[in-house]
Amino acid sequence: MVKKEVTKNMHRIEGKTGQWEVIVGLEVHAQIVSQSKLFSGASTRFSRNPNTQVALVDVAFPGMLPVLNEECIRQGVKTGLGLQGSIQKRSVFDRKNYFYPDLPQGYQISQFFFPLVLGGHLDVSVGKKEVYSRRVNLERIHLEQDAGKSVHDLFPHKSAVDLNRSGIALMEIVTKPDMRSAEEAMAFVRSLRILLRHLGTCDANMEEGSMRADVNVSVRKEGAPLGTRVELKNINSIKFIGQAIEAESQRQVEALEDGQNIAQNTCMFNPKTGDITVMRAKEDEVDYRYFPDPDIPPVEIDDSFINAVKEEMPELPNAMVARFCKDYALERYEAEILSEDKDVSRFFEQAILALKVQKEGAAREMALWIIGEVFARMSEGVSITGIALTPERLAQLVALVLNGIVSRAIGKSILDKIWQSNTNPEEIVKSEGLEQISDEETLRAWVKEIEQQHPKEVAAYRDGKVKLQGFFVGQMMKKSGGKANPQVVNAIIKEVIG
Amino acid sequence: MMLYKYTYSELRAGYEAKDFTVKEVLASYIQKIEENQNLNGYITLCLEQALQEAKKADENFAAGQPRKLEGMPIAVKDNFCMKGLRTTAASKMLENFIPHYNSSVIDRILNEGVIVLGKANMDEFAMGSSNETSYFGSVLNPWGNDKAIAPGGSSGGSAAIVAAGSSVAALGTDTGGSVRQPASFCGITGMRPTYGLCSRYGIVAFASSLDQAGPMTRDVADNALLLSVMAGHDPKDMTTLTEEIPDYSAILKNPISLKGKSFAYIEECLSASDEAVQRNMQNVFALLRERGAIVDPISLKLQKYAISAYVLISACEASSNLARYDGVRYTHRSQNADKLSNLYNESRSEGFGAEVKRRLCIGTYALSASEYEEFYLRVQKLRRLIYNDFMSVFAKYDLILTPTSPSEPFVLGEIQSPCAMYAQDHMTVMNALVGLPGLSIPSGLGAQGLPLGLQIIGNFLSESDIYALAHVLEKEIAFQSWLKK
C-alpha cells in the first residue's frame, strides 16, 4: 500500500525572488459507461453519422421531459465508493442555464446544490525512481449532461450541430487544490483513469473525449496563502495537462515577479503552440441561474441500493498492487504494470492459478514473462483479451522453464511458435526434442572438449579473466544446440576450467 | 336536432339507442363551429380527419364495441402536442411547428375514441388570464353577446368553445387557474387535478412544478368521465403519481348525503371578492347548511402572498423552460440576424409577445445568483408553509370552498395593468402552489348577468370527493348554461 504521508514534495519553481510552490486542482469530466443517455433512451454508442443517436428530449422538442436513467446513478455511486467518498442519500438535479447552439434545452442538467457524492480521496504514487505518495482529496462528484458538438469547419459560412453526444451522462470529479506539480496532476489523472476502468464506470479514453479535465493553477511562496487561480478549460490528454500546468505556473511566477497581479481568468491552452489565451475574465462570468429542475424529483437512494453496488465492487487498483507485492513477491512497479488493466491482471492471476509449480519466485517468473515477453509480442492497439495465447498455455510454458525442462531462451522460442496457434508447449518440446540437457556426465565431457579446443582462453580465464565464463557458456550452447542447462553448465565450467 | 347542445352522456345514450350517429353529431358541430367563428375559439381545425374518425366511431357502435369516450367531439388547447397537427401555444414563436408526436394525455383519450375537432386558442404559452396575449387574437366569451367579454385565460379558447357549442368538451391546462377561471367565466365545469395525476409529457411547458392538464366540460359527469381517461402514471413523466386511478364516473351513480359533511371557506378569499360574488357564495353555504352540512369560515393568513409567490415561481421556471425557443431548430427564426447572439436576440424579440417577455425578464432576474435566495428560495419555503396550512385545514374539514374568481367576467381590454391581471388568479393559485386539486362549477350569475364560479378545493387525490359534492351542488344550483338559455 502507498504510504499515507507525503514523503517527497520537492517540486519548486526557481524564480528571481526565490522558490515558488505550484498548487493544482482538477475538475475531471468522465463520461459514464451506460447503454443510454442520462435522461433519454437514446444510445450512447459513438457514431460517425451526426444526429443519429438522438431522442426527442435531446433535441428539446416542446413538452419533452427527462427521465432519469438509474444505471447512471449506480455508476456514480460505484465511482464514489471507489474514491472513498460519502454517498449522499438525497441528491438533486439542477438546471444550469445558458444559451449555446449545441445545448438545445438552453440549460444543462447538473447537480449544483446537492451532489451525489461528497468528499473522498485517491492515493497516488508519484515519480519513477524515487516514488512517493500523494493523497488527493476530493470536493465532490456530481452527475451532469454532456453537451452536443458544434462543428465549424464543415461548411464555409455555417456551423453545424451534432447532438449525438448531447445528454450523455458525465461525472464531474472535483478535487481539492491538493496537487503540487504537473507531475502529481498527471499521476492523479493516470491513477484515476486506471481506477475508473477497473470500476467499469468510464472508458477514460481521453483521445475520444470520454475523459477531459479543467485544470486550476496558482502559485505561492512557501507558507503563503493560496494565490489567485487561473482555470484552463477542457484539456484532453495527460501530457497536455502536464504541459499546461508547466506553462501556466511559469507564466504566473514571471508575472508576479514582474510586479503584476494574476487575474482570475478562464483560459484555453493550445497544446500545439503552448499558448494560453484568455476565454473570459471573472467579471464576465456567466450567471447560470441554477435552480432545482422541476421535471426531476430529488434522487433518493437507500442503504440497500448502496449495498447492492458495494456487492459488485471489484478490487481497487491500489489494493491490487499491494496484494500482488505481498502475495506474489513482485516489485512495486511490476505490480503496477500488471494491475493497470483489469484484463491484464485477470490474465496474470489465471496464469498463476494454472501454474502448478511450488517454487520460490514462481509467481514473479510468470509476471516477468507477461511484462517482458507477452507484452513485447502484442501488436499496437491489441488488448490482452484479443490474443490467441491463453493463460493456461503460458502457465505450461513457464512451468517447463521453472522445472528446468527447457532453458529460458528455448522457452522464448517456444512462445514464438505457440503465439498464433496456442499449441500445447509440452508437445512442441517433445516433437522437436527441445528438453534441456542437465546430465552432468554429458556436460562435463563437452566442457573438457572445449578446454582442449581453446587453450588461450583457458589460460586467460585461469589468470583471472572471469568474464570469459560467458564465452565458455556460449560455446556450450553452440555444442548443445541451446539445450544445455545453463546453471549446470556454469557450475561445471568453474569446476573443470576454473 | 340541435345535437351540439347535448352533453357527452346524452350523446352516448343517443348513440347507443341509435337515435343519431356520430357522423350526424359531427355535422352539427361543424355547422356550429362555422356559426361561432367570430368567437375565435380555434386556432387550427382538423374537421376532415374528425369526419373520418366519426365513421370509425359509428362502426364501433354498430359492432357493439364502443370505447369509453367513443364519438366524443373534443377541442384541445393548443399547447398539447399532436402528431401532424400544428401546435402553436398561441405564439408566433411556434407558428409553424408541427410535432411528430402526441402528448401522453392525447394518446390516452385518442385510445378511448375521442374525436379531435381542432386546437383551441389560449394565452401565449398559457401566460394570461383573459386570452388577450394570444398571437392569434383574443377569444370572445359567448356570454358577452354584443359586448366583448373576456373568456378568461389561459384556456379561454377551450372554455368558450365548450360554452358556445363548438365542442362538447375540451382539454385545458392549469398552471395558476388557467382551467378554472375561464371555466367560471364561461359557465362551464373545469377541473385542475392533483399535481402528477395527468402526464405533462408532450404539453408545451410553462411552469413545470405547477402545470397540470384538466378536463373542461358542460357538466360534472362528463368531467369525471374525461378525467378518468386522462389520468394515470406515465413513465415518460417522472412527476406523475403511481396511484391507481378510481373510476370517477362510477362514484356519481349514488349521490352523496351532505349530512355531517364539513366544509370550510377561506375568509380572505371571500372578503377580496365583489358583492355579487359574496352573495352567490352565501347562497351556496345556505344550501349546504340546509342539507345538514357544516360550513365554517377559516383564515389562511398566507393567502395574501400567494399571487406574488406564484408569479415569481412560474416566471422563474418559464424563463428556463422557454430557453429552448432560440431560433436554432423548429421555432421562428429572425431573418435579421447576422451572428449567433443576434440570432437568439432577434428571434426571441420577434417571436415572443409582450407578456411572455415580461415574465421571462422577471424569472431571469429572480433566478440570478444575487437574488436567488431572496426570491426563489423564499417562495419555495412559502410553498411549504402554505402546504402546512392546507393540511391543518384538511385535518378538520372535508373540502374547501371559494369563489373561482373574485369578480364577474370583465370586458376585454379593461384590465391594462399586469399586476391587476395577475390578481385575477387570486383564488386559484394557492392550491396550485402546493399541487392540490380544485374544481370550478357554475354557481349563478353576477350583477351583469355573467357567470360566476364556485371552486371546490380538496386534499391530494380527493378528486372523487370533489366530484361527488359538485354533482350534488350542480343539481341544486341548476345553472342555465349559455346553450340552454
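The values are calculated or read from the model by the stated rules, or taken from the named source; none is laboratory data. Computed from a prediction, not measured in an experiment: that's the story for all the values here. With ideal geometry, Cβ positions are generated from the backbone for all residues, glycine too; neighbour counts draw on all protein chains shown. Heads up: the accessible areas ignore ligands, DNA and RNA and are worked out on the full protein's heavy atoms, side chains in. Shrake-Rupley method; radii C 1.70, N 1.55, O 1.52, S 1.80 Å.
Just to confirm my numbers, what's the Cα centroid distance between the stretch A:83-124 and the stretch B:325-404 in Å?
Computed from Cα coordinates, the inter-centre distance equals 23 Å.
Could you check the spin-label model distance between A:Glu283 and A:Phe155? Points 7 Å from the Cα along Cα→Cβ, value in nm.
With each label point 7 Å from Cα toward Cβ, the separation is 3.8 nm.
In the stretch B:326-340, which residues give up 50 Å² or more of accessible area once the other protein chains are added, compared with their chain alone (1.4 Å probe)?
Residues passing the criterion (a loss of at least 50 Å², heavy atoms only) are B:Arg329.
Run the helix sum for the protein assembly as shown: -39,500 (n - 2.57) per DSSP H stretch of 4+ residues, divided by residue count, reported at 222 nm to the nearest 500 deg cm²/dmol.
Computed ellipticity for the protein assembly as shown at 222 nm equals -11000 deg cm²/dmol.
For chain B, what are Rg and Dmax over the alpha carbons, in angstrom?
21.3, 71
Counting heavy atoms of the protein chains only and a 1.4 Å probe, report the per residue accessible area for the stretch A:192-254 as a whole number of Å².
Here the per-residue accessible area is 39 Å².
Compute the angle between helix A:317-328 and the longest alpha-carbon principal axis of chain A, please, reported from 0 to 90 degrees and rounded to the nearest 10.
Here the helix axis deviates by roughly 20 degrees.
When Cβ neighbours within 10 Å are restricted to other protein chains, what is their mean count per residue of peptide A:98-107?
5
Highest first, please rank the peptides A:114-120, A:86-92 by the mean number of other Cβ atoms sitting within 10 Å of their residues.
Listed from highest to lowest mean packing, they are A:114-120, A:86-92.
Counting only protein heavy atoms and using a 1.4 Å probe, what share of the accessible area of the protein assembly as shown belongs to carbon plus sulfur, as a whole percent?
Heavy-atom surface of the protein assembly as shown belonging to carbon and sulfur, 1.4 Å probe: 50 percent.
Taking the Cα centroid of the stretch A:289-350 and of the stretch B:89-147, what is the distance between the two, rounded to the nearest whole Å?
Between the Cα centres of the stretch A:289-350 and the stretch B:89-147 lies a distance of 54 Å.
Please enumerate, by chain and number, the aspartates and glutamates with C-alpha under 18 Å from the C-alpha of B:Lys147, excluding those fewer than 8 residues away in the same chain.
Those aspartates and glutamates meeting the cut-off are B:Glu35, B:Glu132, B:Glu408, B:Glu414.
In nm, to one decimal, how far is the modelled label at A:Glu427 from the one at A:Glu495, with both set 7 Å along Cα→Cβ?
3.8 nm
What dipole magnitude, in Debye to the nearest 20, does the stretch B:422-485 give about its Cα centre under +1 on Lys/Arg Cβ and -1 on Asp/Glu Cβ?
It works out to roughly 260 debye.
Round to the nearest 0.05 the FRET efficiency obtained for A:Leu368 and A:Lys448 when R0 = 45 Å and r is the Cβ-Cβ distance.
After rounding, the FRET efficiency stands at 0.85.
Any idea how far apart A:Ser383 and B:Glu244 come out in nm if each label point goes 7 Å out from Cα toward Cβ?
A separation of 4.9 nm, rounded to one decimal place.
How much FRET efficiency would the formula 1/(1 + (r/R0)^6) give for B:Ser370 and A:Met477, where r is the Cβ-Cβ distance and R0 is 60 Å, rounded to 0.05?
0.15
Hey, got the average number of other protein chain Cβ atoms within 10 angstrom for residues in B:234-242?
Mean shielding count: 3.
Which angle between 0 and 90 degrees, to the nearest 10, do you get for helix A:391-402 versus the longest principal axis of chain A when only C-alpha atoms count?
40 degrees
Can you give the charge dipole size of the stretch B:360-485 about its Cα centre, rounded to the nearest 20 debye, using +1 on the beta carbon of Lys and Arg and -1 on the beta carbon of Asp and Glu?
Rounded to the nearest 20 debye, it is 120 debye.
Which part of the stretch A:280-308 falls in the paramagnetic zone of B:Lys339, meaning amide N under 16 Å from the point 7 Å along Cα-to-beta-carbon?
A:280
Rg (Å, one decimal) plus Dmax (Å, integer) for the alpha carbons of chain A?
Gyration radius and largest Cα-Cα distance of chain A: 29.5, 97 Å.
Expressed in whole Å with the largest first, what are the equivalent ellipsoid semi-axes of the protein assembly as shown derived from the C-alpha gyration tensor as the square root of 5 times each eigenvalue?
Over the Cα atoms of the protein assembly as shown, the ellipsoid semi-axes are 77, 32, 25 Å.
Order these peptides, B:408-414, A:396-402, by their mean beta-carbon neighbour count within 10 angstrom, highest first.
Per-residue Cβ counts within 10 Å, averaged per peptide and sorted highest first, yield A:396-402, B:408-414.
I'd like the mean, over residues of A:285-295, of how many other protein chain beta carbons sit within 10 Å of each residue's own Cβ.
Average neighbour count from other chains, rounded to a whole number: 6.
With every protein chain left in place and a probe of 1.4 Å, what is the accessible surface of B:Trp143, to the nearest 10 Å²?
10 Å²
Based on the Cβ-Cβ distance from B:Ala420 to A:Arg48, what FRET efficiency comes out when R0 is 56 Å, to the nearest 0.05?
FRET efficiency, B:Ala420 to A:Arg48: 0.45.
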